[in-house]
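Data block below; observations after.
Every number here is computed from the coordinates shown, using simple stated rules; none is lab data. A quick note: this is a predicted structure, and the numbers were derived from the prediction, not measured. Quick reminder, even Gly has a Cβ in these numbers, built from the backbone with ideal geometry, and neighbours come from all protein chains shown.
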């Protein structure tokens, strides 16, 4: 049994008609292949960056679970057969699930701080810092000479 | 003759020089492929992945970023091309 994180991209029309039914079907699919669910949530609804199977919007479901590695090929095959699931992404986690969730929270905390710091610097007139060949090439080269 | 504000610019440049790589500076362990805001910062407006020189990432985090961006693209979170 190994810890996995899975994201499913689901047809928004089917999910919109019956959110609980769709989610429990996917949950059932996981359990059918011997997964021990840790959590299962609706992550977000978004406009897709490009059309996937004719859909412009999609609902993302996120789940973390333990599953025997040998069951994965069959599980993924089942996902492909399922017409509600437009795409799925299975990632094997390096840590166990509680540790991963902790690390994940710490990661987003740090990123948030950084974003706030950056906003502060912009107001100071921060120009991006560092060297940038593509940007600097055509600009004035005042710091050389 | 060099511009008058030359020294000024240099000291400003130096002030922000400490760490080039954001991820090392922040001390994160990985880059989450679901974190679209961060990943978008590592791409051009067209969706191309920025090179290390442009993004300033260390080799390790550039590899993680590449992997994360590719995963986000597959799931339709980010564009492969255009925008």
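Average partner chain C-beta neighbours within 10 Å, per residue of A:23-32?
Mean partner-chain Cβ count within 10 Å for A:23-32: 0.
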Between the stretch A:43-103 and the stretch A:1-38, the Cα center-to-center distance that results, in Å:
8 Å
Hey, fewest Cβ within 10 Å first, where do A:91, A:85 land in order?
A:91, A:85
Taking every residue in A:41-53, how many Cβ atoms of other protein chains lie within 10 Å of its Cβ, on average?
3
Between residue A:44 and residue A:18, what is 0.36 nm times their sequence separation minus the Cα-Cα distance? Round to one decimal in nm.
7.7 nm
For the stretch B:21-83, averaging the sequence separation of alpha carbon pairs under 8 Å that lie six or more residues apart and dividing by its residue count, the contact order in percent is 44 percent
On the formula 1/(1 + (r/R0)^6), with r taken between the Cβ atoms of residue A:91 and residue A:119 and R0 of 30 Å, the FRET efficiency rounded to 0.05 is 0.45
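Just rank A:89, A:7, A:1, fewest to most, by other beta-carbon atoms within 10 angstrom. Mind showing how you got there, number by number?
Numbers: A:89 18, A:7 21, A:1 12.
Placing the least packed residue first, the sequence is A:1, A:89, A:7.
From other protein chains only, count the Cβ atoms within 10 Å of every residue's Cβ in A:111-118, then give the mean.
If you average over the peptide's residues, the count of other-chain Cβ atoms is 3.
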Residue order, fewest to most surrounding Cβ atoms within 10 angstrom, among A:95, B:32, A:39
A:39, A:95, B:32
